[in-house]
Each structure stands twice: as structure tokens, then as C-alpha cells.
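Peer 1: My structure is below; once you've seen it, I'll send some questions.
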Amino acid sequence: MSEEFQTKRLDYKIIYQIIEPGSRVLDLGCGDGELLNFLAKSKNAHVQGIEVDEQAIYKCVEKGLSVFHTDIDSGLRGYPDKSFDYVILNQSMQETKKADFVIQEALRVGNKAIIGFPNFANLRARFMLFFQGKAPITKSLPFYWYNTPNLHFLSITDFKNYCADKNIKILDAFYLGKTSTIRIWPNLLALDAVFVITRRH
Amino acid sequence: MVTDKSIVQTKYFTFSQPPNELPLESGLKLGPITLAFETYGELNANKSNAILILHALSGDAHVAGMHQGDEKPGWWDSMVGPGKAFDTNKYFVICSNVIGGCRGSTGPSSINPKTNKPYALSFPMITISDMVNAQRFLIDHLGIDKLLCVAGGSMGGMQALQWVANFPQRVRSCIPISTGLKHSPQQIAFDEVGRQAIMADPDWKEGNYYETGQPEKGLSVARMLGHITYMSDQSMEDKFSRKLKDKNYSFKFETDFEVEGYLIYRGDIFVKRFDANSYLYITKAMDYFDLSADKLIPENKTLDSRFLVIAFKSDWLYPPYQSQEIVRLLKSRHVHSSYCEINSTYGHDAFLLEIKEETRLINHFLSNIFKG
């Protein structure tokens, strides 16, 4: 039943492949609902979203999706434990005020969390900072210092260390280059990373 | 001027004849009951396209279209009609005046058949649940088993939620707008000030004013207070600022500012169409409203109905956090629900004014329910 997800976004393709048919999925920062809509239609997933942008909410409602118009920091309150198989925090975790709290909440309401974020230790970022003395601007970090929505800047190594410190098990990891996933030296070469994590029992 | 507004007529349905009166939440009974109602569009063959619109405190059954000879259309005409949010080309829309009201349904100003006089304060206290239980007879009468949607703003939203609480199997979807799960102390406080204004008017006469004329001053003050709570700081600034009626201050206790003139005008037109005792009864019903905790959905139960909850950022009478409480309750019971907080400066009035945004949400929400 599942079909190829026609999207320009490599991260969406990866997340789409991770999620098993029929899963219960909550997307934190679901945008206009493109990923959720495809998961619902092609993988028969039971999907819900949380999104802070009003115009994006209209687009989600048009698609027939269940969406909650609020910020991610306060959005998970009220959801019972283990309501979802997957909680997606893709390109939104670094924009939350309390990233640690949000990740812990994601692992409370979901069995697994899928965390996608831009890699601040990417070669180009390092180059800009080291040789040019500038705050990095890359394909995955396309903002100036004065207009970036990102509140947290982290590398792949930082995230792995965080998981080890917080007793979080990494089930899978995907490292994204410009057009495809990469295997070698991800903390140096990857633009973005997608982790599948769960709580260690 | 040529107008394409379709002419509609109010209809009446009478039921709960003694000895089969409607049992009320207070333990008392009410009957016979007449409900004034209007319908728009056509009920389809399998009766799956019926939508019940619920009105707010001062509303009535006349939600859309024109009455013969009227200059103004119904109170939500911009939302109900062919091609509109509640598209009457597709759906059969019903709206009825609540019990306790004064716009054709049985209320304190109706004649009590036992005494042949207006009920006045002998009318039993009613609740939002009683209003909904009475509407259920109308929906039965129309031959509709399951409503496609119940929808309304403010007290209309309370009735929509109460429909789900009382008859969960008969509602496919619910659109509560600018409302909450219960009346807060602030909302009760505003209602009480309104009631005190009415009851302090010597013309009120313990409610027995139907031969002498109603307490216009008190009712008008109640309405003026209401209107303040329906606007926002920003919308009042935009609408009136400190604009004067005349060029200079009068230096008398007269109407200097436009905002004063507006409130007095609103009070004056309200007393011509609304019964003071109805105002007392209906505000009390709102104050008693409480579907918090397990009262909307019983413990360990869930619902098949889908929800679209809408709030407005500048609404301080029914603030968005109260709508979010509805959504959180629904989420905790795994009920399909969407929530949108529309960025509006109109305050509580926004649900009557932010037509474009509401239309976009409701139109798509309904067609997805109708398809599915």
C-alpha cells in the first residue's frame, strides 16, 4: 500500500521510510502538513500535528488533518503517556525554548521520537567560523544571526552526548548531505541529522 | 436596490404537552414547549447533511436570509447560505431559539397556559443542558437521527459541547467557537452585574412588568456592559479612539464621547427586541454551564465525533486558553480535534466578524467530515 513519497525534501523521505504502516504519529511543528498527509494517505497512519503558524494551520485543516495551533513548548501538556508510536521533532527542536523538556515530553507521549536538526559542526560552518570569523550560514542554517529562528545550536556529536547523558537510546541515525545520505565523518560532512530515539528502561 | 437574499420564515414546533413535560436539570418540569426555528437548504435523502447552528445570548432562530420586509439579514448571514462556510447548497441548516428566550420559543415572557398570564419569574430556571434537551425534540421531529455538525459561538459553543455531552451518538462533528468548558468567575461576575442592573430598576417589579413595560434602563445598562466585554482595547481604540460627538466637551454629564453614544445606542435598540427576564434566565444558564473534568466525555470513554475548536487572540471574555482546555481534554481522550487561534483584534465579537478565516476553516472541515 505504501507508495513513493514525491517530495523535494530528503528529510521527509527518510522519516517517511522510518514509520511503519498504521502507526500513531504526532508531528511537532508539522508546517503545512505535507509529511503527515502523506503518512495518513499512503501508510494509513493515525496522524496529528502541532503548529504555531496560523496560515499553516489553514492548510492542514484543508487537508483534513487534526492540528493544534500552539507552540511546541506548551503543546504536549494534556497528552497521555505513550499516546503515539512516533513523535516527530523535525527541524523544530532547535527552535523551542526548552529543548531538553520538549525531547523528554516527546519521549513521554511517544514510544519513539524522531529528531531532525541542522548540524552546526558541518565543514562549511566550521570554515566560516574558523577562517572568516563569521557566524555560519549554510544550506541547513540559512539565516543571519539577527533573523534566525534557531535558539539552540548543536552538532551531531553534541546530540549523541546528550542522549548518553540522559539515558536515551539511539535506535537509528541518518546523516544528510546535499542530495543523499552520507556515511563517513557525519559530524564534519552532514548538513542535517535525523535520529530515532527511545527511553532506556 | 435589488437584493438576492432569499426570504425565509420562522417556523414553530410545540411539544412536551402535559402530562409529558420536559424534565429540567433543576428537578422541575416545563411544558408545553414551543421552539421557534428556521431551516435553510434541503435535507438529503439519507438525512446525513443536517447542521444545527446554536445561537449566543442575544441571538435567535433567524441566522440567515431575510424576513419579508426586513432591512437586515440574520445574525450570521455571512456564514450561512449558498457557497458560504455553512453551504446551504450542500447542507441542511437548522437554527432554533433557545428555551428561556424571547424570540418565539417558550420563555419567561410566554403565556403560562395554567394561568393565562406571562410566566415571569414562575418560569423554571433552565440550563444549557435543558436548552439542548429541548432542541433534541426538534431534531427528532425533523426526522434526523445524526447531525453532521453542531456549531456555534459563545453560548452557541456551549450548546454545541452540551450536544456532544448529552447525545454523543447523534453528533458527527462539533465546532465550538469563542467558548470554554465552563463559565469562569470573571464571566459569572459580568453576568451578575448585568442581572443586578436589571433587578435594581424599579420597573422590573420582581419580574412582573409585562403590563407596565419592561425595565429598560436596567436592561440597557446590562447590554452596555455586555458590549464592552465583546470588544477589545484595540478594537475600541480603532473604532472610537477619544472621538467626540460634538466639537467640544460639554462639561455636563452628557454624551461627550462617541464610545458613550455607541453604548447608549446599543442599549436602546436592545431593549426594543429583548426581554429583561430572558436576559436574567439565559445569563444564569450560562453561569451554571460546566462540562469540565469528566462531564463532556464520561471517564474511560472516548468519542467518534470530530472537533474544530476556534478562538480569537484578542477575546478576553472567552480567552483562547479556555478553548485550549477543550482541546487538551479532547486530546487526553484521543478525540480527533483541530484548534485554530485566529489573530484578530475584534475581541469576543470576532466570531461574528472574522468571516474569511472562519469560512476557510469550517468549509474544509465540514467537507472532510461529509466525505468521510
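Peer 1: So which residues in the range B:343-357 are within 11 Å of chain A (Cβ to nearest Cβ) and of a type in the set (Asp, Glu)?
Peer 2: The one that is within 11 Å of chain A (Cβ to nearest Cβ) and of a type in the set (Asp, Glu): B:GLU357.
Peer 1: A further question follows. Checking the condition modelled with pLDDT of 95 or more, part of a loop (DSSP other than H, G, I, E, B), farther than 21 Å from B:TYR91 by Cα and within 14 Å of chain A (Cβ to nearest Cβ), which residue from B:LEU296, B:LEU303 passes?
Peer 2: None of the others qualify; the one that does is B:LEU296.
Peer 1: Return the residue satisfying two criteria in turn: it lies in the range B:316-342 and is small (Gly, Ala, Ser), within 7 Å of chain A (Cβ to nearest Cβ) and in contact with a strand residue (DSSP E or B) (Cβ under 7 Å, 6 or more places away or on another chain), and of such residues it is farthest from B:LEU296 (Cα to Cα).
Peer 2: Among residues in the range B:316-342 that are small (Gly, Ala, Ser), within 7 Å of chain A (Cβ to nearest Cβ) and in contact with a strand residue (DSSP E or B) (Cβ under 7 Å, 6 or more places away or on another chain), the one farthest from B:LEU296 (Cα to Cα) is B:SER338.
Peer 1: If a residue must be closer than 10 Å to A:CYS30 by Cα and of a type in the set (D, E, K, R), how many such residues does the range A:42-71 contain?
Peer 2: Residues in the range A:42-71 being closer than 10 Å to A:CYS30 by Cα and of a type in the set (D, E, K, R): 2 in total.
Peer 1: Name the residue that is farthest from the other protein chains (Cβ to nearest Cβ), counting only residues in the range A:50-67 that are touching a Cys at 6+ places or on another chain (Cβ under 9 Å) and small (Gly, Ala, Ser).
Peer 2: Ranking the candidates gives A:ALA56 first.
Peer 1: For B:SER235, all conditions in the list (1) among the small types (Gly, Ala, Ser); (2) outside any helix (DSSP H, G or I); (3) farther than 22 Å from B:THR127 by Cα hold save one; what is the number of the exception?
Peer 2: (2)
Every residue, every condition in (1) surrounded by fewer than 17 Cβ atoms within 10 Å (Cβ to Cβ); (2) closer than 21 Å to B:ALA293 by Cβ, yes or no:
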{"site": "B:ALA160", "(1), (2)": "no, yes"}
{"site": "B:ILE177", "(1), (2)": "no, no"}
{"site": "B:ALA189", "(1), (2)": "yes, no"}
{"site": "B:ALA200", "(1), (2)": "yes, no"}
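Peer 1: Run down B:PHE37, B:PHE13 and say which single residue is within 19 Å of the chain's Cα centre (by Cα), within 30 Å of B:SER78 (Cβ to Cβ), at pLDDT 95 or above and among the hydrophobic types (A, V, I, L, M, F, W, C).
Peer 2: After applying the criteria, what remains is B:PHE37.
Peer 1: Tell me the residue from B:GLU216, B:GLU237 that is closer than 30 Å to B:GLY104 by Cβ and outside the structural domain of B:SER338 (by TED's automatic domain parsing), please.
Peer 2: Of the residues listed, the single one that is closer than 30 Å to B:GLY104 by Cβ and outside the structural domain of B:SER338 (by TED's automatic domain parsing) is B:GLU216.
Peer 1: Going residue by residue through the range B:66-84, is there one that turns out to be farther than 30 Å from B:MET125 by Cα and among the basic types (Lys, Arg)?
Peer 2: Filtering the range B:66-84 down to residues farther than 30 Å from B:MET125 by Cα leaves B:66-73, B:77-84.
So of that shortlist, the ones also among the basic types (Lys, Arg) come out as B:72, B:84.
So far as the range B:66-84 goes, yes, one or more of its residues are farther than 30 Å from B:MET125 by Cα and among the basic types (Lys, Arg).
Peer 1: Could you please let me know if B:LEU361 is facing chain A (nearest Cβ under 9 Å), part of a helix (DSSP H, G or I) and in contact with a helix residue (DSSP H, G or I) (Cβ under 6 Å, 6 or more places away or on another chain)?
Peer 2: Yes.
Peer 1: So how many residues does the range B:248-300 have that are more than 30 Å from B:ALA120 (Cβ to Cβ), among the aliphatic types (A, V, I, L, M) and surrounded by fewer than 18 Cβ atoms within 10 Å (Cβ to Cβ)?
Peer 2: Total satisfying the criteria: 1.
Peer 1: Look at A:THR181 and say whether it is touching a residue at least 24 places away in the same chain (Cβ under 8 Å), surrounded by 13 or more Cβ atoms within 10 Å (Cβ to Cβ) and in contact with a Phe, Trp or Tyr (Cβ under 9 Å, 6 or more places away or on another chain). Steps first, please.
Peer 2: On the way: touching a residue at least 24 places away in the same chain (Cβ under 8 Å): yes; surrounded by 13 or more Cβ atoms within 10 Å (Cβ to Cβ): yes; in contact with a Phe, Trp or Tyr (Cβ under 9 Å, 6 or more places away or on another chain): yes.
Yes.
Peer 1: Could you list, ordered by first residue, the pairs with Cβ atoms under 6 Å in which the first is in the range A:14-39 and on the phi > 0 side of the Ramachandran plot and touching a residue at least 40 places away in the same chain (Cβ under 8 Å) and the second is buried (at least 21 other Cβ atoms within 10 Å of the Cβ) and outside any helix (DSSP H, G or I), at least 6 apart or interchain?
Peer 2: A:GLY29/A:SER92
Peer 1: Exposed (fewer than 13 other Cβ atoms within 10 Å of the Cβ), under 25 Å from A:HIS201 (Cβ atoms) and small (Gly, Ala, Ser) - does that describe any residue in the range A:125-142?
Peer 2: no
Peer 1: Right, another one. Looking at (1) closer than 18 Å to B:LEU161 by Cα; (2) surrounded by fewer than 23 Cβ atoms within 10 Å (Cβ to Cβ); (3) within 13 Å of chain A (Cβ to nearest Cβ), which is the one condition that is false for B:ALA311?
Peer 2: Among (1) closer than 18 Å to B:LEU161 by Cα; (2) surrounded by fewer than 23 Cβ atoms within 10 Å (Cβ to Cβ); (3) within 13 Å of chain A (Cβ to nearest Cβ), the lone unmet condition for B:ALA311 is (2).
Peer 1: Now, a different point. Quick check on my filter: what residues within the range B:306-334 are assigned to a loop (DSSP other than H, G, I, E, B) and either of a type in the set (Phe, Trp, Tyr) or at pLDDT below 95 (or both)?
Peer 2: Here is the first cut: in the range B:306-334, the ones assigned to a loop (DSSP other than H, G, I, E, B) are B:313-319, B:333-334.
Within the range B:306-334, B:TRP316, B:TYR318, B:ARG333, B:HIS334 meet the criteria.
Peer 1: Look through the range A:68-83, keep the residues that are surrounded by fewer than 22 Cβ atoms within 10 Å (Cβ to Cβ) and not acidic (Asp, Glu), and return whichever of them is nearest to the other protein chains (Cβ to nearest Cβ).
Peer 2: Taking the candidates together, the pick is A:GLY78.
Peer 1: Sticking with this one: B:SER278 is checked against (1) of a type outside the set (Asp, Glu); (2) part of a helix (DSSP H, G or I); (3) in the same structural domain as B:SER129 (by TED's automatic domain parsing) and fails just one. What number does that condition carry?
Peer 2: Of (1) of a type outside the set (Asp, Glu); (2) part of a helix (DSSP H, G or I); (3) in the same structural domain as B:SER129 (by TED's automatic domain parsing), only one is false for B:SER278: (3).
Peer 1: A further question follows. Of the conditions (1) within 22 Å of the chain's Cα centre (by Cα); (2) surrounded by fewer than 21 Cβ atoms within 10 Å (Cβ to Cβ), B:LEU43 fails just one. Which one is it?
Peer 2: Condition (1) is where B:LEU43 drops out.
Peer 1: So A:SER92 fits all but one of (1) away from chain B (no Cβ under 12 Å); (2) over 24 Å from A:PRO186 (Cβ atoms); what number is the exception?
Peer 2: Of (1) away from chain B (no Cβ under 12 Å); (2) over 24 Å from A:PRO186 (Cβ atoms), only one is false for A:SER92: (2).
Peer 1: Just the residues that are over 17 Å from B:ASP140 (Cα atoms) and either in a strand (DSSP E or B) or of a type in the set (D, E, K, R) (or both), please, taken from the range B:3-22. Spell out how you get there, then give the answer.
Peer 2: Quick first cut of the range B:3-22, residues over 17 Å from B:ASP140 (Cα atoms) only: B:3-10, B:18-19.
Those that are over 17 Å from B:ASP140 (Cα atoms) and either in a strand (DSSP E or B) or of a type in the set (D, E, K, R) (or both): B:ASP4, B:LYS5, B:ILE7.
The values are calculated or read from the model by the stated rules, or taken from the named source; none is laboratory data. Keep in mind that what you see is a predicted model, and the values were worked out from it rather than measured. Note that we place each Cβ from the backbone using ideal geometry, even for glycine, and neighbour counts take in every protein chain shown.
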